[in-house]
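My questions all concern the structure below.
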Amino acid sequence: MKGRTVKLKEAHRGNGAASVCSIIWDNSGGLLVTASSDDSTAFIHDAVQPAKPAKALRHHREGVTAIALNPTFDTLASGSIDHSVKLYSFPDGEFQSNVTRFTLPIRALAFNKSGSLLAAAGDDDGIKLIATVDSSISRVLKGHNGSVTGLAFDPKNEFLASVDGFGTVTYWELSSGKPVHTLKSVAPNCDSDASRLNFLSWSPDGETLAVPGLKNDIVMYDRDTAEKLFTLKGDHEKTVCFLSWSPNGKYIATSGLDNQVLIWDVDQRQDIDRQKFEERISSLSWKPNANALAVIDVMGKFGVWENPVPSFMRSPTDGANNHQSRTGNGLLLFEEDDKKSSHSGSLDEIMEESHGDSIPVSSKRLRKHSLLDKSDEDSDGFLEQIVSRKRSAKSKEHLRFGGGTEECESSVRNVRPKLQEAFQPGSTPVQVGKRRFLCYNLLGSITTIENEGYSHIEVDFHDTGRGPRVPSMTDYFGFTMAALNENGSIFANPCKGTKSMSTLMYRPFGSWANNSEWSMRFEAEEVKAVALGTGWVAAVTSLNFLRIFTDGGLQRHVLCLDGPVVTAAGFRNKLAVVTHASDCFSSGDQVLEVQVFNINGRTQLIRCRLPLSPGSCLSWFGFSEEGQLCTYDSQGVLRMLTNQYGNSWLPIFSASKAKKSEDENYWMVGLNANKLFCVSCKSPNSYPLVMPKPVLILLDLKFPLACSDLGADDLENEFIIRNMHLYQILEKIDENAAAGLDTTALDDEAFDMESAIDRCILRLISTCCNADKLVRATELARLLSMDKSVKGAIKLVTTLKLPILAERFNEILEERLLNESKGVSNNSSVMDVNKAVVISNLSSSQVFANAEASKKDKNGEHEENKERKELCGNRSNEAEKSQAATIPFSKMSNNHDRTEKVIKATEKELNKKSSKEEEKQLPVKGGGTGNSSSIEAVNQKHCHRPINPFAKSSNKLEKTSTSLLDSIKKMKKLDK
């Protein structure tokens, strides 16, 4: 809390007890109107000359409980405990008329946008809609069970929102006078406290309704659906009793029973300042043309809080609509306001106006026609008169969209959705008086806190044993963005000073030189995003320049980008930059483009569109630990860029399916091949605080798959994820082979991944068999990479007594072996293959007899030839064993147990395949006999990978085979 305090002075002297007090500004910000339920007099104060006596309005016999100014600020309405509503001219305060009388006290008043209607309610039954032109009652809205304490017309004249003392909120459709949404007991129950009233308020754009919640918070509801959007929950220790939107809708002020007033940044959902008072604040009002907030407490003392929004943040009046004073009666005001508002809405509203009454009424998202846009057969003569005069005054040529008028073109430009502003991945918003993150990634974090005109920056690594601690830094530049990698950190700030200078500074973590830190300054050019790589530093500026420096500070390149930058990220020699490709769509969706550069090679690797979920924005951008480019949007969808299908994006995670509760959201930190690293935040917080230290959680990557009829979503997800990883490994093999680098380790990794995929496929085949999805099982069998896996699948389906499927799998194996045998020149090898094919189709008894005979023949062969045949993968022997193994399984009665045993045996065989192949290949070199061409053919046959539609075909298969054989030979030498 700031050290300054707001001084209050007495406006109303009551009986010493708490009362309901009200305060409002006029449009010029020069006058304040106050009232109290303990005082029958309302006052108009001169805010410019506080010493000047206030003008008293003494026309009520009892306390004034509600006041309201019409949108043109020439009429003041007041309601009282004496059951009356009165109108005064403003600002002179001359009494005009008694509008209406109730049988019980008045509690709430509200003018609609045009000032033609005044809503009044209280302890009486029903809300009265009063036509200000002749003070007649147009309609009475009934539905509340308790006293109505709060009223608010939406700025688009379609709804009236009301709240009663029991906490029930109702949306009333003005065109029909019927309630369209009723939210029971969503606000606190204040029916028993006469000094406290429930209150609600529409945002200036009319899209959100703010209501005090039950948990010392403020709840935001959607305009059309009345669905809960989000909550503002901070340091209020007791219930919120009043709230007020800033003129531009970016901030909201709230007062609570804890005597505190909090200022909130609605976009960030964070309180940015607060003030504590001696008594509870009963009412708040933002100054329409300045950064000031008027307050009045329950004892009738009022004052003005100057600069409630910190000066370095956006002003609460920036972007607000200016209300110009007009003359005339209420009906004339309505017509003038409507003419201007007809071109001030959204694109949908312009189209709606141009089509008139032909658009049907909808209760959601399709905008309803308001009371003032269509006539109601049940309405009284006054309302019909209003509609008739309104329509006669309109010119259809001016309302037609695309008519070429400057007014219509200007309105379309004004309502165009805003482009997403530039941001730094891993950073959090400014928090007054609190430390925040400039950068947070898998390596460490950079934090800063403002203190008396300068900031204190600290760099911390997650691995404390990495090396010596990086010394903290005193920041006199006001850095707002940073990036961090193993070599150093880069900082930048927005334009400052009279020359509008932006500063870029690089700090290496280690160097042989003493003064290795450097900085650059840009005049009339602001740094928007920064990135780091191996040996280079990049900064993207407001002039759409991409500036590239060496880590020593040498300026190497300056490139021009096609649009405003959104963010940037670096990984080794790769730099990725996101820019706006065009203006937003009318729906508000961003149109973004990503470019990936090879800094060392001075080439552009990728240029493509960046997809986002509908209605979302980009919230994180970066590389995985393996160097894969990824994005994360505000809807919680994580995407990875792949070369498959021509640089397409794969959705590898969806927060909506992973989060455990609706109020949970994930703040992205980074990812590796299998896991997502993030921080779990509870709504309304969308980002972590520095203290307490954020706790990283690990989530499995999971494609948003459809619900399969197999009920094996995890297996299907594993299958797709592993195939994606295999494709990436094969890509790296090609890259390393093209560069002349050793690919042995990657070959082993690819082999292990293929084995894991085969094990997953075998489980899926088992699931398909149990679900009687035999066609799908056949498709899966064709995707098996290894011959042994196909034989394992044959064992599996034979155990499950599916002879037709076993025959299909045998055909697949036959086709595969025949295709492989085409590259073998040795006739004996071809004969062995044909023998294996024939044996695979024999009956069980024939297979057993042939297997016994084959074993006897093998015992009489030469040891060296035997080892060579084992290296070649003796198809006949393995096929015989495969068929012979089916005999004992056919005696089992429980299909489920047999399936599990076969799968386990197959997995065990696949896991040991690498060691067995090494044992089989080691004697080859020492043999000294045999056909060399046959051995080469066998080696080629052994290392050949069957076709996998998910795997990328490699042009370096021969090199891969040679490197794998060479590594085995080296291992033999080491053993000797």
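The values are calculated or read from the model by the stated rules, or taken from the named source; none is laboratory data. Values in this document were obtained by computation on a predicted structure and should not be read as measured data. Cβ atoms come from the backbone with ideal geometry, glycine included; neighbour counts cover every protein chain shown. Ligands, DNA and RNA are stripped out before the accessible areas are found, and what is left, the full protein with its side chains, is counted by its heavy atoms. Shrake-Rupley method; radii C 1.70, N 1.55, O 1.52, S 1.80 Å.
Between Cys560 and Lys418, take the C-beta separation as r, use R0 = 25 Å, and let me know the FRET efficiency to the nearest 0.05. The partial results should precede the final answer.
Details: r = 24 Å, r/R0 = 0.95.
The pair Cys560/Lys418 has a calculated efficiency of 0.60.
Let me ask something else about it. Hey, if you put +1 on the Cβ of every Lys and Arg and -1 on every Asp and Glu Cβ in the range 108-201, which of Pro179, Gly146, Ala120 ends up farthest toward the positive end of that dipole?
After comparing all options, I get Pro179.
Taking 8 Å as the Cα distance limit and 6 or more residues as the minimum spacing, I'd like the relative contact order of the range 435-657 as a percentage. Provide the component values of the computation, followed by the final result.
Numbers: 523 pairs, mean separation 18.9, N = 223.
Dividing the mean separation by the residue count of the range 435-657 yields 8 percent.
Moving on. Between the alpha-carbon centers of the range 480-556 and the range 85-99, tell me the distance in whole angstrom.
63 Å
Please report how far the C-alpha centroid of the range 175-213 lies from that of the range 639-708, rounded to the nearest whole angstrom.
Cα centroid of the range 175-213 versus Cα centroid of the range 639-708: 35 Å apart.
Oh, and also: Taking 30 Å as the cut-off for C-alpha to C-alpha distance, list the pairs among Lys128/Lys682; Lys9/Lys238; Lys9/Lys156; Lys156/Lys660 that go past it.
Working: Lys128/Lys682 41 Å; Lys9/Lys238 25 Å; Lys9/Lys156 37 Å; Lys156/Lys660 37 Å.
Violating the 30 Å limit, Cα to Cα: Lys128/Lys682; Lys9/Lys156; Lys156/Lys660.
Could I ask something else about it? Equivalent-ellipsoid semi-axes (√(5λ), Cα gyration tensor) for the range 105-177, whole Å, largest first? Walk me through the numbers on the way to the answer.
Numbers: eigenvalues 67, 36, 21 Å².
Over the Cα atoms of the range 105-177, the semi-axes work out to 18, 13, 10 Å.
If you roll a 1.4 Å probe over the heavy atoms of the protein chains, what accessible area per residue do you get for the range 1-133, in Å²? Each step should come with its number before you reach the end.
Details: 5230 Å² over 133 residues.
About 39 Å² of surface per residue is accessible.
Return the distance in nm (one decimal) between the two label points of a simple spin-label model at Arg816 and Glu625, each offset 7 Å from Cα along Cα→Cβ.
Taking the two extended label points, one gets 3.3 nm.
Here's something else I'd like to know. Per residue, how much accessible area does the range 712-817 show when a 1.4 Å probe rolls over the protein heavy atoms, in square angstrom?
Numbers: 4110 Å² over 106 residues.
Result: 39 Å² per residue.
Sorted from largest down, what three extents in whole angstroms do the Cα atoms of the range 413-476 have along their principal axes?
For the range 413-476, the Cα spread along each principal axis is 55, 31, 17 Å.
Accessible area of the range 432-525 with a 1.4 Å probe: how many percent of it is carbon plus sulfur? Don't skip to the end; give the middle numbers.
Numbers: 2310 of 4910 Å².
Using a 1.4 Å probe with all protein chains present, the range 432-525 comes out at 47 percent carbon and sulfur.
For the range 435-657, with only Lys/Arg (+1) and Asp/Glu (-1) charged at the beta-carbon, what is the dipole magnitude about the Cα centre, in debye rounded to 20? Show your work: numbers first, answer last.
Working: 18 positive and 19 negative charges, 67 e Å.
Magnitude of the dipole: close to 320 debye.
Please give the peptides 421-430, 66-75, 712-721 ranked by average Cβ packing (other Cβ atoms within 10 Å per residue), highest first, as a rough proxy for protection.
66-75, 421-430, 712-721
Would you mind giving the three semi-axes, in whole Å and largest first, of the ellipsoid equivalent to the range 435-657 according to its Cα gyration tensor? Provide the component values of the computation, followed by the final result.
Working: eigenvalues 164, 82, 71 Å².
Three semi-axes, in Å: 29, 20, 19.
Please list, short to long, the whole-number percent of alpha-carbon pairs of the range 455-496 in consecutive 5 angstrom bins beginning at zero.
5, 18, 30, 23, 13, 7, 2, 1
Just to verify a number: what accessible area does Lys276 come out at with the full protein assembly present, 1.4 Å probe, Å² rounded to tens?
The accessible area of Lys276 comes to roughly 110 Å².
Using 7 Å Cα-to-Cβ label points, what is the Thr103/Glu279 separation (nm, one decimal)?
Computed distance between label sites Thr103 and Glu279 equals 3.4 nm.
Determine, at each q value in 0.10 (inverse angstroms), the log₁₀ of I(q)/I(0) that the Debye formula gives when each Cα of the range 9-306 is one equal point scatterer.
After summing over all Cα pairs, the log10 values are -0.47.
Taking θ = phi - 60°, what integer Hz values does the Karplus form 6.51 cos²θ - 1.76 cosθ + 1.60 yield along the range 620-636, in sequence order, with x for Gly and Pro?
8, 8, x, 10, 6, 5, 8, x, 8, 6, 9, 9, 9, 9, 6, 8, x
If the range 712-817 were replaced by its equivalent ellipsoid, with semi-axes equal to the square roots of 5 times the Cα gyration tensor eigenvalues, what would those be, largest first, whole Å?
30, 15, 9
By how many nm would the segment from Asn289 to Glu807 lengthen if fully extended, with 0.36 nm per residue of separation less the alpha-carbon distance? List each step's numbers first, then the result.
Values: separation 518, 0.36 × 518 = 186.48 nm, distance 8.35 nm.
Taking 0.36 nm per residue and subtracting the Cα distance, the gain is 178.1 nm.
Defining a contact as two alpha carbons under 8 Å apart and six or more residues distant in sequence, what relative contact order in percent does the range 420-529 show? List each step's numbers first, then the result.
On the way: 232 pairs, mean separation 19.8, N = 110.
Taking the mean separation of contacting Cα pairs over the length of the range 420-529, I get 18 percent.
Taking R0 as 41 Å, what's the FRET efficiency between Arg61 and Glu227 from their Cβ-Cβ distance, rounded to 0.05?
Values: r = 44 Å, r/R0 = 1.07.
Rounded to the nearest 0.05, the efficiency is 0.40.
Of Gln96, Gly165, Ala17, which is farthest along the charge dipole of the range 9-306 in the positive direction, counting Lys and Arg as +1 and Asp and Glu as -1 at C-beta?
It is Gln96.
Now for a separate question. Report D for the range 645-709 in µm² per second (integer): Stokes-Einstein, Kirkwood Rh on Cα pairs, 4 °C, 1.567 mPa s.
Working: Rh = 13.4 Å.
For the chosen part, D equals 97 µm²/s.
Report D for the range 427-540 in µm² per second (integer): Stokes-Einstein, Kirkwood Rh on Cα pairs, 4 °C, 1.567 mPa s. Please report the intermediate quantities before stating the final value.
On the way: Rh = 14.7 Å.
In µm²/s, the coefficient is 88.
What is the extension gain from Asn770 to Asp460, computed as 0.36 nm multiplied by their sequence separation minus the C-alpha to C-alpha distance, in nm to one decimal? Mind showing how you got there, number by number?
Values: separation 310, 0.36 × 310 = 111.60 nm, distance 5.35 nm.
Result for the pair: 106.3 nm of gain on full extension.
State, as an integer percentage, the relative contact order of the range 668-813 based on alpha-carbon contacts under 8 Å between residues 6 or more apart.
Numbers: 135 pairs, mean separation 21.8, N = 146.
In percent, rounded to a whole number, it is 15.
For the pair Ala581 and Gln604, how long in nm is the line joining their label points, each one 7 Å along Cα→Cβ?
1.3 nm
Something else: Could you order Arg808, Arg435, Arg602, Arg607 so the one with the most accessible surface comes first? Probe is 1.4 Å.
On the way: Arg808 130, Arg435 55, Arg602 160, Arg607 110 Å².
Greatest to least solvent exposure: Arg602, Arg808, Arg607, Arg435.
So, one more: What order, most packed first, do the peptides 542-548, 525-531, 694-700 have when packing is the mean number of other Cβ atoms within 10 Å of each residue?
Values: 542-548: 18.3, 525-531: 23.4, 694-700: 13.9.
Order by mean packing, descending: 525-531, 542-548, 694-700.
Would you work out the charge dipole size for the range 139-296 about its Cα centre, treating the Cβ of every Lys and Arg as +1 and the Cβ of every Asp and Glu as -1, and quote it to the nearest 20 debye? Could you put the intermediate results ahead of the total?
Numbers: 17 positive and 21 negative charges, 57 e Å.
Here the size comes out at about 280 debye.
Still on this structure: Along its three principal axes, how long is the range 10-60 when you only count alpha carbons? Whole Å, largest extent first please.
32, 21, 18 Å, listed from the longest principal axis down.
Relative to the present Cα-Cα distance, how much length would full extension add between Ala513 and Ser656 at 0.36 nm per residue of separation? Spell out each step's value before the answer.
Values: separation 143, 0.36 × 143 = 51.48 nm, distance 5.02 nm.
Full extension of this stretch gives 46.5 nm more.
Additional query: Would you calculate the volume per residue, in Å³, of the smallest convex hull containing every Cα atom of the range 149-285?
Details: hull volume 13.2 nm³, N = 137.
Measuring per residue, one finds 96 Å³ for the Cα hull of the range 149-285.
Go from 0 up to the bin containing the longest alpha carbon distance in the range 598-656, width 5 Å each, and give me the % of pairs per bin.
Whole-percent P(r) values from 0 Å outward: 4, 17, 26, 25, 17, 7, 3, 1.
Under Stokes-Einstein, with the Kirkwood radius over Cα pairs standing in for Rh, what whole-number D in µm²/s applies to the range 1-131 at 37 °C and 0.692 mPa s? Provide the component values of the computation, followed by the final result.
On the way: Rh = 15.3 Å.
Calculated translational D: 215 µm²/s.
Evaluate the Kirkwood expression for the hydrodynamic radius of the range 521-588, namely the inverse of the mean inverse distance over all pairs of different C-alpha atoms, and round to one decimal in Å. Numbers along the way, then the final one.
Details: mean 1/r = 0.0790 Å⁻¹.
So the Kirkwood estimate lands at 12.7 Å.
Based on the Cβ-Cβ distance of Asn145 and Lys9, what FRET efficiency does E = 1/(1 + (r/R0)^6) give at R0 = 35 Å, to the nearest 0.05? List each step's numbers first, then the result.
Details: r = 40 Å, r/R0 = 1.13.
Efficiency at R0 = 35 Å is approximately 0.30.
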